[in-house]
Amino acid sequence: MAGGAVRGALVVAVGLAAASCAGGGGPTVSAEPAAAAGPALATITSVAPTTAPPASAAAPTTALPAVAPATVAPTTTASTAATSTTAAPSTTSTTEAPRPGPRVVTETGFSPYGSVGGLTLVHPANRVERVGFHESNHDGARQQEPLATAVAPATMETRERGTSPRGSADIVVDPAGEIRSPVTGTVKRGGTYTLYCDHRDDFVVIAPDANPAWEVKILHIDGLAVRRGERVVAGETVIAGRATQLPFESQVDELRTADPAWPHVHVEVVDPSIPDRPSKGGGC
């Protein structure tokens, strides 16, 4: 899943009226072939290249050959790409090595992945590669707490938004799988918006039964299958035919276990009563 301008566009388009996946049993790992990653929450950090110490002065008679600086191989922990909601700041990074796989995938049975207060969120797809938490671009986004059944949860590097580090979740899903509602509630609105002023994307906003005043926002879905006023059930109601395959690299793609990167579904829980700071520079 352009700084202030992008953030403003998302808030205006997705909000439409705002200022800008309970699940089954424990997950089983499918082999492509591989075992599922553990539920422990990881914090993703960047690895800085090491530099060889400066060479000492050569003796007057014989000069020793210079030692080349050591090079650190790239790892899956680098995070330098644009995000699914707001562009991340550019950084310098080594070139990534190809990831031939096997892809590590868990069949979730639409089990819970996180909670916000008394609200439980379930994986929105049956086949999931990872849950990557990150900062939301909305000040009202509530922090999501990963549960033991979350698939390979990780908290990604800061996006310099000044919001909770787990205000949103990017859930990497099978591109061929249907997307189901992460909560039980009522659809408030949904439709199509323009992502980053250039890319078509679908979204839906649900008022959860556990707290109807909040809004559960789901982005990066394709083929919206519900409409305003419709009742949805967590892990049961199909809200879209598939996830949107974005045409650019997202931050969570850095954590993929194989190439090519799978699409992800963005989920966040927003308290609309908390004012959102205006985007710097406005929107598209």
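Annotations for the structure displayed:
- Residue pairs meeting the criteria (Cβ under 8 Å; at least 6 apart or on separate chains; first on the phi > 0 side of the Ramachandran plot and modelled with pLDDT under 95, in segment 240-264; second acidic (Asp, Glu) and not in a loop (DSSP other than H, G, I, E, B)): none
- Within segment 240-252, one or more residues are among the aliphatic types (A, V, I, L, M), more than 15 Å from residue 122 (Cα to Cα) and in a strand (DSSP E or B).
- Any chance residue 220 is touching an Asp or Glu at 6+ places or on another chain (Cβ under 7 Å), surrounded by 14 or more Cβ atoms within 10 Å (Cβ to Cβ) and on the phi > 0 side of the Ramachandran plot: yes
- Residue within segment 194-205 that is among the acidic types (Asp, Glu), more than 28 Å from residue 145 (Cβ to Cβ) and either surrounded by 15 or more Cβ atoms within 10 Å (Cβ to Cβ) or under 22 Å from the mean Cα position of the chain (by Cα) (or both) present: yes
- Among residues of segment 253-275, those that are among the charged types (D, E, K, R), surrounded by 17 or more Cβ atoms within 10 Å (Cβ to Cβ) and assigned to a loop (DSSP other than H, G, I, E, B), counted: 1
- When residue 138 is tested against (1) surrounded by fewer than 24 Cβ atoms within 10 Å (Cβ to Cβ); (2) not in a strand (DSSP E or B), just one condition goes unmet, and that condition is (1).
- Residue count, segment 109-135 (criterion: assigned to a strand (DSSP E or B), touching a Leu at 6+ places or on another chain (Cβ under 9 Å), more than 15 Å from residue 168 (Cβ to Cβ) and of a type outside the set (D, E, K, R)): 2
The values are calculated or read from the model by the stated rules, or taken from the named source; none is laboratory data. Because the structure is a prediction, the values reported are computed rather than measured. Ideal geometry is used to build each Cβ from the backbone, glycine not excepted, and the neighbour counts take in all protein chains shown.
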